[in-house]
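**Student:** Supplied in structure tokens, the structure appears directly below.
The values are calculated or read from the model by the stated rules, or taken from the named source; none is laboratory data. It should be emphasised that the depicted structure is a prediction, and the values quoted were computed from it without experimental measurement. Neighbour counts are summed over all protein chains in view; Cβ atoms, including those assigned to glycine, are modelled from backbone coordinates with ideal geometry.
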Amino acid sequence: MNFDYSEEQQLLADSVRRYLQDKYGFEERKKIIAGQGWSDEVWAKFAEMGLTGLPISPDYGGFGGGAVDLMSVMEAFGEALVVEPLLPTLIAARLVGRAGSDAQKKTILPAVAEGRLRLAFASSPRGKVVGAPAAGKLVVLDGADLHIADAADVKMEPYRTLDNMAAGEVVVGKKELLAKNAKAHVDEALDFATALVCAEAVGAMKFACETTLEYLKTRKQFGVPIGAFQALQHRIVDMFISQEQARSMACLACSKIDSSENASERARAVSAAKIRIADAARHVSQESVQLHGGMGMSEELKVSHSFRRLTVLARQFGDADHHLERFASL
Amino acid sequence: MDLNYSPDELAFRDQVRDWLSKNLPAELKDKGHYSKEELLRWHRILAKQGWVAPAWPKEWGGTGWNVVQRYIFEEELGYAGGPPLIPFGLTMCAPVLLRFGTEAQKKRFLPRIYHGEDFWCQGYSEPGSGSDLASLKTKAMKEDGSYVVNGQKIWTTLAHYADWIFCLVRTDATLEKRQEGISFLLMDMKSPGITVRPLILMDGAHEVNEVFFDDVKVPAENLVHEEGKGWTVAKYLLGHERMNTGRIGESKRQLAKLKELASSQMKSNPRFRDRLSRLEIELIALEITNLRFLDRMRRTGQPPGADVSMLKIKGTEIQQGLTELAMECTDPLAGDEKSLALQKKYLSMRKTTIYAGSNEIQRNIIAKMTLGL
């Protein structure tokens, strides 16, 4: 039993966090959102830090890491509300790595690891795809079969999600087969993605809790910091408890992705985690805005943006109801 | 990161589980309330095995287990469904004596606690002093080398079984800082002037009492630590390693029993099923949270921070949630013994969020100590 990150995991998390604190502040993020919706410069830095190659096999230029390795990275992304589409790229890369031919892997995976190629995953040939506008290739599920398509062969209407991710309404044209009957691979990749979304949500909750605590200590009314009021103290304590419980479940989900041989054991842990994280995300985000008062509603404060992100993460890859159904069936 | 126990820890767990399956008498399992004889019977079986006080120093009978082994043991003990080990002697009075007691006090009391020869209870709360414990009024005045105690304690769990009571008493009512006038005193329950009156709770059970002190003479040698240092002792006890406040093992057993009981509701009523799932998930999360705290303790060698209060908050909410769902599996108008037992268990468990520092007090502690509010 060991709940520590390894030395390498900790070093990586620290350097990602430091970079995001220095170069990915609220103002910088705002500029990226006002522009194309992602920064190629930031992406190049992610690649340089090894993030794009982290879960890719060393045979194809990656580091062979797992979900636990990515957990601390996703947590840091959640804290900074990163909009660059790392997760869509990694889901699609995982599918190529598991379902693709050696030749396909050789063309795609090293380019992803080096930061030259972004990917996205489309769960059907027509539909909404997060990360599509930034992607050079799309991995596409069509029925039970997996394909890969060049961005040039995809018709796309770009849009932004509630939490400012660049997404696209796509219609996939010409595509190349990756694998037939790839359902097991897709299920696994979606569990992988769900576990990472849990970790990202934990990071966003950490930010929301800490910034709210800071606000309670500095905002004065009736001549005292509002954190002196017990009605508010108990509510923020409950926010921190929710966040800790959510973190425990994110640990469980990520470690089961890496260690579980059994698909239903893995799925059960991931669903349990997503239910708890969805509940916690809703609780923490709503309370963080409420305890900020009117300021919490303002677009000028980052807390309103963590609210938006947590609202999406709570439901992305299945909301609590969806996962309650799956949890009970396993 | 590895959430699994090591092979050594698993072997230890299996050893404990195996021993419990062979040595816990079936007739002692899953009874809501236990007689004094039943409680002591199980206490003595564990004492004979050398496992009744794992956290004590080895010279006094401790096992020398590390924090993880102790946690595993406590969880297995809860999961086995036997009588609870009554904490007042083993994990409350004893750690206090080990830390603050004189050699004579240790020699006199510790072996008797270990072997279940003295049954202890705790005299903290008073009618006017619940959450605001430092306002307590029970007086102990020194006269001719003894203390003379007058006053009243309330909610005294199992005082009607107890041979001894440890009490917080006021030895000086003149000090401005009221905490400094409190002392920690041990009293023989057979002392003249002590009266125990039952308080029957809403499930009809007799667990707690009022204890009255009317000119009770207590030898001065029964004072623990110095006069006026009782609050320090109480705070030490509060901060003393309390890693099983989440009651994970017991809740796991309750969950398994609830799933059996509710198998038809689970199929026919998705609303019930989802509530049960959420409780199960909260319990899974709490177990991991608890292990994360343990892991931190093991790494840093530091005692748990104030945030273990969250284990009490979440653990008791889960206990209440499980018994509430079990109650809902019965006919609301039932009169049979089995249904009424489930309904009364629900009533009884409402106490858990109130006792041992109400959950509101636990939130105050986290707000102040962890969040700095």
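**Student:** Would you check which residues across region A:269-300 are in contact with a helix residue (DSSP H, G or I) (Cβ under 7 Å, 6 or more places away or on another chain) and surrounded by fewer than 18 Cβ atoms within 10 Å (Cβ to Cβ) and list them? Can you show your working first?
**Tutor:** First, pick out the residues of region A:269-300 that are in contact with a helix residue (DSSP H, G or I) (Cβ under 7 Å, 6 or more places away or on another chain): A:269-281, A:283-285, A:287-292, A:296-298.
Of everything in region A:269-300, those that are in contact with a helix residue (DSSP H, G or I) (Cβ under 7 Å, 6 or more places away or on another chain) and surrounded by fewer than 18 Cβ atoms within 10 Å (Cβ to Cβ) turn out to be A:Q290, A:M297, A:S298.
**Student:** What single numbered condition from (1) more than 22 Å from B:V211 (Cα to Cα); (2) at pLDDT 95 or above fails to hold for B:W120?
**Tutor:** (1)
**Student:** Can you confirm whether region A:229-248 contains a residue that is over 22 Å from B:L283 (Cα atoms), facing chain B (nearest Cβ under 10 Å), assigned to a helix (DSSP H, G or I) and among the polar types (S, T, N, Q)? Before you say what the answer is, go through the steps one by one.
**Tutor:** The first filter runs over region A:229-248 and keeps only residues over 22 Å from B:L283 (Cα atoms), leaving A:229-233.
Filter again for facing chain B (nearest Cβ under 10 Å), leaving A:229-230, A:232-233.
This time we only want the ones that are assigned to a helix (DSSP H, G or I), so: A:230, A:232-233.
Applying the additional criterion that residues be among the polar types (S, T, N, Q) yields A:230, A:233.
Yes.
**Student:** Mind checking which residues of region B:119-143 are buried (at least 16 other Cβ atoms within 10 Å of the Cβ) and part of a strand (DSSP E or B)?
**Tutor:** B:W120, B:C121, B:Q122, B:G123, B:E126, B:S129, B:K139, B:A140
**Student:** In this structure, does A:A151 turn out to be closer than 27 Å to A:K274 by Cα, hydrophobic (A, V, I, L, M, F, W, C) and at pLDDT 95 or above?
**Tutor:** No, not satisfied.
**Student:** Right, here's the next one. I want to confirm something. Restricting to region B:159-200 and keeping residues that are over 26 Å from the mean Cα position of the chain (by Cα) and hydroxyl-bearing (S, T, Y), which single residue is surrounded by the most Cβ atoms within 10 Å (Cβ to Cβ)?
**Tutor:** Per the criteria, the residue is B:T171.
Every residue, every condition in (1) under 24 Å from A:A93 (Cβ atoms); (2) among the basic types (K, R); (3) surrounded by 14 or more Cβ atoms within 10 Å (Cβ to Cβ); (4) away from chain B (no Cβ under 14 Å), yes or no:
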residue	(1), (2), (3), (4)
A:D14	no, no, no, yes
A:R29	no, yes, yes, yes
A:G35	no, no, no, yes
A:G61	yes, no, yes, yes
A:A67	yes, no, yes, no
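**Student:** Would you confirm whether or not region B:92-100 contains a residue that is farther than 25 Å from B:S35 by Cβ and free of Cβ contacts under 8 Å to residues at least 12 places away in the same chain?
**Tutor:** Within region B:92-100, none of the residues are farther than 25 Å from B:S35 by Cβ and free of Cβ contacts under 8 Å to residues at least 12 places away in the same chain.
**Student:** Cβ-Cβ under 6 Å, sequence separation 6+ or interchain: first residue in region A:197-212 and in contact (Cβ under 8 Å) with a residue 40 or more places away in the chain, partner of a type in the set (F, W, Y). Which pairs?
**Tutor:** Partner pairs satisfying both residue conditions: A:V197/A:F317; A:E200/A:F77; A:C209/A:F240.
**Student:** Of the residues that make up region B:66-76, is at least one of a type in the set (K, R), outside any loop (DSSP other than H, G, I, E, B) and outside the structural domain of B:G249 (by TED's automatic domain parsing)?
**Tutor:** Within region B:66-76, one or more residues are of a type in the set (K, R), outside any loop (DSSP other than H, G, I, E, B) and outside the structural domain of B:G249 (by TED's automatic domain parsing).
Here is a yes/no grid of residues against (1) in contact with a strand residue (DSSP E or B) (Cβ under 6 Å, 6 or more places away or on another chain); (2) among the hydrophobic types (A, V, I, L, M, F, W, C); (3) within 29 Å of A:E79 (Cβ to Cβ):
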site	(1), (2), (3)
A:K155	yes, no, no
A:D163	no, no, yes
A:A167	yes, yes, yes
A:K180	yes, no, no
A:K183	no, no, no
A:T194	no, no, yes
A:V202	no, yes, yes
A:F207	no, yes, yes
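**Student:** Now for a different question. Consider B:K48 carefully, then state whether it is away from chain A (no Cβ under 14 Å), assigned to a helix (DSSP H, G or I) and either buried (at least 16 other Cβ atoms within 10 Å of the Cβ) or of a type outside the set (A, V, I, L, M, F, W, C) (or both).
**Tutor:** Numbers: away from chain A (no Cβ under 14 Å): yes; assigned to a helix (DSSP H, G or I): yes; either buried (at least 16 other Cβ atoms within 10 Å of the Cβ) or of a type outside the set (A, V, I, L, M, F, W, C) (or both): yes.
When the stated conditions are applied, B:K48 passes them.
**Student:** Can I ask one more? For B:A205, indicate whether it is over 22 Å from B:P87 (Cα atoms), small (G, A, S) and in the same structural domain as B:S131 (by TED's automatic domain parsing). Step through it out loud before you land on a result.
**Tutor:** Working: over 22 Å from B:P87 (Cα atoms): no; small (G, A, S): yes; in the same structural domain as B:S131 (by TED's automatic domain parsing): yes.
For B:A205, the condition - over 22 Å from B:P87 (Cα atoms), small (G, A, S) and in the same structural domain as B:S131 (by TED's automatic domain parsing) - is not met.
**Student:** Same structure, new question: Is there any pair with a first residue in region B:25-54 that is of a type in the set (S, T, Y) and a second that is at pLDDT 95 or above and surrounded by 12 or more Cβ atoms within 10 Å (Cβ to Cβ) whose Cβ atoms are under 9 Å apart and which are 6 or more apart or on different chains, and what are they?
**Tutor:** Correct list of pairs: B:Y34/B:L28; B:Y34/B:W42; B:Y34/B:P83; B:S35/B:Y161.
**Student:** While we're on this one: Of these, A:S259, A:S264, which one is in contact (Cβ under 8 Å) with a residue 40 or more places away in the chain, surrounded by fewer than 23 Cβ atoms within 10 Å (Cβ to Cβ), under 27 Å from A:H185 (Cα atoms) and hydroxyl-bearing (S, T, Y)?
**Tutor:** A:S264
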